[in-house]
1. Nearest-5 percent of antiparallel DSSP beta bridges in the range 13-72?
2. Roughly how many nanometres apart are two label points built 7 Å out from the Cα toward the Cβ at Phe132 and Arg9?
3. Quick one: helix 270-282 against the long Cα principal axis of the chain, what's the angle to the nearest 10°, folded into 0 to 90?
4. For helix 97-116, report the angle its Cα long axis makes with the longest principal axis of the Cα atoms of the chain; keep it between 0 and 90° and round to the nearest 10°.
5. Could you give the nm distance between label points at Ser58 and Thr96, where each point is 7 Å from its Cα heading toward the beta carbon?
6. Using alpha carbons only, how many angstrom separate the centre of the range 1-63 from the centre of the range 392-409?
7. Beyond 39 Å, what share of the Cα-Cα pairs of the chain remains, rounded to the nearest whole percent?
8. Can you show me the helix-derived [θ] at 222 nm for the chain, built from DSSP H runs with n ≥ 4 at -39,500 (n - 2.57) apiece and divided by the number of residues, rounded to the nearest 500.
Amino acid sequence: MAELIDDLRVGDEVELEIGAVAHGGHCVARHEGRVVFVRLALPGERGIVRITEARPGSFCRGELVHVLQADPQRVSAPCRHYRPGGCGGCDFQHATGERQRELKAAVVAEQLRRLAGLDRPVTVEALPGDGFGWRSRVRWAASPSVLDRSGPGIGPRAARSHQVVGVDGDQPCLIAAPGMSEVAAGLTPPPSAHRGRRPGAQPDRRRDGGRSRRPEDPEVTLCAPGLDGSDAAEVVTVWSGQSGPVVTETVGDRDFQVAADGFWQVHPAAAVALTRAVTEAVADVLPAGGLAWDLYGGVGLLTEVLCRAVGPSGEVVLVESDSRATALAEQNLARHPQAEVVTGRVEHALDTLPGPPHAVVLDPPRSGAGREICRSLAALGPEVIVYVACDPAALGRDTATLAEAGYELTALRAFDAFPQTQHVECVATYRPARGSATASS
């Protein structure tokens, strides 16, 4: 093994050959045996990297500041905030949409291979749109200087930093819905705004918890319900610690009531894509009159799919820990008497649910369902488990656990529901493995 040379310091600039993409929105490079995770780069490139973090005896982080040899699919990022030291909301604006999807597919495949021992090809499917103006919900921070208009105002945070990157109509966030940046620029935190969740709410399941937050900075959720790609969208704002209004989101022929600051798919085409994928996954195994569970079910988007599959003689149970979401789920599913809504944490509710189910659908938080829940579900012997995942590493870990418990990954679809970013949404289907106790029961 080559000796690790511990001579890099923050601010150093070194010429590096860029290696493979890695989970987290960066690529891997090496400097004299030391791993450097490089932001703003693409595999196969060569360039000057500025070190932004240096951990003694461990890896470093850096940003590509000058490209010497570019990937053929590198493009000029259109956003003024996307630069070294700039906004951390996007990871891949410097690549074509096709190249972004290739990178995300490589990450999903690598996590399945490394964590679950599976070697399978992955294709990330594009959703409608040009990759910009798609984000119907954002949570941005207000800098301390916003009160006297002396600083950057309101916006996302810089990469791996607490610093607020202020946005406005002249320098908008390009992935946010049209009009959001202009609305943000005119906001001032009310005296009652504070860091914290509204009563009854649970931690945001899609939030990246890898960086601590400054408790003194208020945050505001901006929501553009019913976003359809038009030039102007209605924008609803909810400050941290407050309870926001209820808005309507439409998926196909159904309307869903959702809290403006609650969980909902942020890409306007994502909900349709996911409902179709789940419908396909359960189509030949969930019978009319059957029993299905929808775990981490939110306001009932995927419960609706399951209710249609089992029909009025079947039964579907939704479990969700956010009490406001379950109250709205009751409204959204009122037309389905076969639907039951349970408020509580999944790990606490499992033993109380009717069963065993024919099918289980779960859409857990970014950290995944975890070993105990996966093993508990497999022990029940459902004919199919459908797992909606927003984090490839969690998907890999939970796939490994399900495999140990007798379930094999039989289908996987991945969607580019977060263009310009590292994030990808997957729908994984598991069935009892041939020869397993579950398959033979």
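Every read-out reported here was derived from the displayed coordinates using simple, explicitly stated rules and does not represent laboratory data. All values derive from a computational prediction rather than experimental measurement. In this analysis, Cβ positions are derived from the backbone assuming ideal geometry, glycine residues included, and neighbour counts consider all displayed protein chains.
1. Working: 21 of 25 bridges.
Of the beta bridges lying entirely in the range 13-72, close to 85 percent run antiparallel.
2. If labels sit at Phe132 and Arg9, their model points lie 4.0 nm apart.
3. 40 degrees
4. Once rounded, the angle reads 60 degrees.
5. It is 3.8 nm.
6. Measuring centre to centre over Cα atoms gives 31 Å.
7. 23 percent
8. On the way: 9 runs with 89 residues, N = 441.
Theoretical 222 nm ellipticity from helices: -6000 deg cm²/dmol.
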